[in-house]
Amino acid sequence: MIDRRTFLAGSFALAACGPARDEVAKTIPSIDLRAPRNQKYTLDRPLTDEITAASYNNFYEFTSNKDVWRHVDKFVVDPWRVEVSGLVANPRTYSLDEILRMPREERLYRHRCVETWALAIPWLGFPLSRLLLAASPLASAKFVRFLSVQAPSQMPAMAARPWEQWPYYEGLRIEEAMHDLTFVSIGMFGHALPKQHGAPLRIVVPWKYGYKSPKSVVKIELVAEQPHTFWSDLAPQEYPFESNVNPTMPHPRWSQLTERLLGTMDVRRTKMFNGYEEVRALYR
Ligand SMILES: Nc1nc2c(c(=O)[nH]1)N[C@H]1C(S)=C(S)[C@@H](COP(=O)(O)O)O[C@H]1N2
Ligand SMILES: [Mo]
């Protein structure tokens, strides 16, 4: 089981600075994926510095520390396939090329990790609803289950801890998955995703804690029952299925009232739904 002291202590480690910045910069792909910005989504804070974001990640398949970028060189993210299946009329497997050729947009989103650090990122991609609607969900489909890739020979921590419940798995209610905010990200800051951010494609659910945004996804499955999730199976009291950002609901071991903007000393009040009030109707 993942050492939870590491999980907490790691959240206050320093992001890369000085010479390490040049090393982190080498992990940022040059593949240009620029796209028009969707003006609907605005921020109340500056964008996070790109190198800072790429140097401080959670990706437990590689390490339970934040320096994921040091451990990703063997990770192969092209070719890639992602399957949309389960309770659908039209199951389909997409190649990475097909995903990269889809119309895309840029969205500025806030990100809030349950550990209290926060980012502001210009993501590139498209709404998840596009893939779900193309599959024609059956009326019996009530939840969406995501699977991240299982590649122990390329993922050091997965290889070192074979007894853990790999691959990483997450889930949403279908109404949450269909919401326009729920995004498939294939890039950030104008180019393809760095491996440590979940290349070549990851889900982004900005009103929920970060662990609800699975990385390096290979399967999107429509199911009838609420699926298990990686963190809920480890510690259900700490990481419940819903996990909306909520400052009034403290984590059992720390407060959720404030957040720290990564790369600065700035501490902000955390907002309900991470400020994404438009999702409130989903929870009545
Ligand atoms: N497959 C996988 N997805 C994952 C994780 C992980 O460990 N494995 N960590 C989650 C957590 S806890 C957070 S906060 C975000 C971090 O995303 P970022 O590193 O791109 O900022 O990814 C989420 N997705
Ligand atoms: Mo997180």
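Values quoted throughout were computed directly from the atomic coordinates according to the rules given, and no laboratory measurement underlies them. In this text, all values refer to a predicted model and were calculated from it rather than measured experimentally. Here Cβ is always computed from backbone atoms with ideal geometry, including for glycine, and neighbour counts include all displayed protein chains.
Brief remarks follow.
- In terms of its alpha-carbon gyration tensor, the stretch 190-258 comes out oblate; a/c meets the 1.5 threshold, while b/c is at least as large as a/b.
- The calculated FRET efficiency for S140 paired with E242, based on their beta-carbon distance and R0 = 22 Å, is about 0.55.
- Computing FRET efficiency as 1/(1 + (r/R0)^6) for E175 and T93, where r is the C-beta to C-beta distance and R0 is 30 Å, gives about 0.75.
- In this structure, Q150 and T42 have a Cβ-Cβ separation that, at R0 = 35 Å, corresponds to a calculated FRET efficiency of about 0.40.
- Once the Cα-Cα distance is subtracted from the 0.36 nm per residue extended length, the S85 to I31 segment shows a gain of 16.5 nm.
- Gyration tensor verdict on the chain (Cα atoms; rounded if a/c is under 1.5, prolate if a/b is larger than b/c, oblate otherwise): rounded
- Spin-label pair M272/D49, simplified geometry with 7 Å Cα→Cβ offset, distance in nm: 3.5 nm
- Label-point separation, S255 to A159 (7 Å along Cα→Cβ), nm: 4.4 nm
- Prolate/oblate/rounded call for the stretch 138-240, Cα gyration tensor, a/c under 1.5 rounded: oblate
- Over the chain, DSSP H runs of length four or greater, each weighted -39,500 (n - 2.57), average out per residue to a 222 nm ellipticity of -4000 deg cm²/dmol.
- Under the criterion of Cα pairs below 8 Å and six or more residues apart, the relative contact order for the chain equals 22 percent.
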